[in-house]
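Worksheet for the structure shown next.
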Amino acid sequence: MSPLRGPEARAHLEMLRRSFHTPEGPTFDPVGLVRPYRDPLDQEVAGLLAALLAYGRVAAIRDAVGRVLGWLGESPSAALRAGRHRSPKFAAGFQYRWTSRTDLLGLLESMAWMQAGERSLGAGLRARTQAAGSLPAGLVRWARDLRDVAESRSGPGRGLRFLLPDPAGTGAAKRLHLYLRWMIRP
């Protein structure tokens, strides 16, 4: 097989660009589950769920995130405000790899807490970044605050520590940075 050159290469690259560079993102990318929401509060809830569950095969990620978003309904942020995630039957049987239903409920509780107290997850990050003097330090405070609330709901555990990592820890916190990239995309 010979490499593509000239007009053939250009046509092939343009076809790839068109298939990946769409307003809603690639259909196989978990960010594709975020883009349909128009309300920024819904986008940030869907985005954080999609980013934090972005480990494993893409099809499995999309399935897990899609199920959670389905349980939350048309407006994930409104569902959190209404406390839908506190229902004893919410997400019954949920298990995605090592993220348990209990871990998920803790995460949802922490998002509901921050949206209620700060008006949005983004405003919460902004306030912590301003107080800390830098985005990296603000992200550490933001993630720790979310995890503290999540642990108060679900108890500390390895699954929750993996799901919502400490950016100051030994890991790269790739999924938190993925979330930040998704939230700044137009």
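Every number in this text was worked out from the coordinates using simple rules, so none of it is lab data. Please read all numbers here as calculations on a predicted model, not as lab measurements. Virtual Cβ from ideal backbone geometry, glycine too; neighbours counted across all protein chains shown.
Residue 59 sits among other residues whose Cβ lies under 15 Å from its own Cβ, and their net charge, with Lys and Arg +1 and Asp and Glu -1, is +2. Farthest towards the positive end of the charge dipole of the chain, among the residues 92, 131, 116, is the Cα of 92, using unit charges on the Cβ of Lys, Arg, Asp and Glu.
Computed from the coordinates I sent, Kirkwood radius over Cα pairs in Å equals one of (i) 16.4; (ii) 17.4; (iii) 17.8. Tell me the label. Checking each listed value against the structure points to (ii). Computed from the C-beta positions of residue 63 and residue 18, the FRET efficiency with R₀ = 25 Å rounds to 0.40.
Computed 3J(HN,Hα) for segment 111-124, one whole-Hz value per residue from the Karplus formula 6.51 cos²θ - 1.76 cosθ + 1.60 where θ = phi - 60°, is 5, 4, 4, 5, 5, 5, x, 10, 6, 6, 5, x, 5, x, glycine and proline marked x.
What does the helix-only formula give at 222 nm for the chain: each DSSP H stretch with n ≥ 4 adding -39500 (n - 2.57), the total divided by the residues, and the result rounded to the nearest 500 deg cm²/dmol? Calculated from helices alone, the mean residue ellipticity at 222 nm is -20000 deg cm²/dmol. Relative to the longest principal axis of the Cα atoms of the chain, the long axis of helix 135-154 lies at roughly 50 degrees. Each other residue within a Cβ distance under 10 Å of residue 142 adds +1 if Lys or Arg and -1 if Asp or Glu, for a net charge of +3.
Estimated at 0.36 nm per residue, the fully extended path between residue 87 and residue 158 surpasses their Cα-Cα distance by 23.2 nm. Compared with the dominant Cα axis of the chain, that is its longest principal axis, helix 58-72 is turned about 40°.
Remark: the residue 185-residue 134 segment gains 16.3 nm on full extension, using 0.36 nm per residue and subtracting the alpha carbon distance. Exposed loop positions in the chain were taken to be trypsin sites (Lys or Arg not before Pro) whose DSSP state is not H, G, I, E or B and which have at most 12 other beta-carbon atoms within 10 angstrom. Between these positions, the longest stretch is 120-186.
Label-to-label distance, residue 10 versus residue 174, with points set 7 angstrom from Cα along the beta-carbon direction: 3.6 nm.
In degrees, nearest 10, range 0 to 90: what is the angle between the Cα axis of helix 40-52 and the longest Cα principal axis of the chain? Approximately 80 degrees, to the nearest ten. The tail of the calculated P(r) for segment 114-186 beyond 19 Å holds 34 percent of all Cα-Cα pairs.
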